[in-house]
Structure formats: structure tokens, C-alpha cells
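Structure record follows, encoded as C-alpha cells.
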Amino acid sequence: MSVALSPRETVTVLRLSGDISLDDMDSLLTAMTDLILQNQNKVVLNFHHVTHVSLNAIARLADRNLRFRALGGDIKLVALVPYVANLFKLVGAFSRFDILSNEEEAVARFES
């Protein structure tokens, strides 16, 4: 997995790529905890170039989203390819996220 960080004024965009294992997700969640500590609790995860996500990793991400929401923020997902979207549905996490088609739409949703 690789991650490209694109901080904006009020929202942080993380562009993910490759396969995301449970260990990869743990590393990503650690980085997201650092964002929380910096009072940056609005995050967009772009899955456009993600080819696979571990089912356990999806469950951990869904749990982390609860923490973000408790702090007044959110994690929005964008550009899920159909295969990855089906993985989210398989573990029951699809409905636990705001899933949008692109980054601009997600950022606008935060700002509205």
C-alpha cells in the first residue's frame, strides 16, 4: 500500500493505492490518530487505485470512523472500485461510511 497525503485547509485527503493488508491499515490508522491529535478530524480516503482491502482492515477502519464522529469529524470514502465496494458490503461496513464519487464532492460535503 502507498499513501499520498494532500492536506487542505479544513480537510485532509489521503490517496491510497495497492493492496491494503491489516498491517497496512494499522499504519494508516496510526497516521490518522496523529491527525486527530492535530485537531484534523475531517478525512477523505481516496480508494481509486486500491485493488484489495483485507476484511479485518475494513472492520478496523469502520471502528476508527466512530472515533472520528465522536470528535465531531468524519471519514469519507471516495472512488471505490466495484470489487472494493463489495468487500465493504460483505463485512457490513458500506452503510457506516459516507461514500462519494470524487474528492471534490467529499470536501464540499464537509464544508456544507
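Taking only C-alpha pairs under 8 Å that are 6+ residues apart, what is the relative contact order of the chain in percent?
Details: 183 pairs, mean separation 28.9, N = 112.
Relative contact order for the chain comes out at 26 percent.
Tilt of helix 22-37 relative to the longest C-alpha principal axis of the chain, in degrees (0 to 90, nearest 10)?
10
Residue separation times 0.36 nm, minus the C-alpha to C-alpha distance between residue 19 and residue 85: what's the value?
22.4 nm
For Rg and Dmax of the Cα atoms in Å, the listed values are (1) 23.4, 69; (2) 17.3, 56; (3) 12.6, 34; which was obtained by calculation from the structure presented?
Recomputing Rg and Dmax of the Cα atoms in Å here picks out (3).
So in region 2-111, what percent of DSSP beta bridges are antiparallel if you round to the nearest 5?
Working: 6 of 22 bridges.
Of all bridge pairs located within region 2-111, approximately 25 percent are antiparallel.
Throughout, read-outs are computed from the coordinates displayed, never taken from laboratory work. Quick caveat, the model's predicted, so the values are computed rather than measured.
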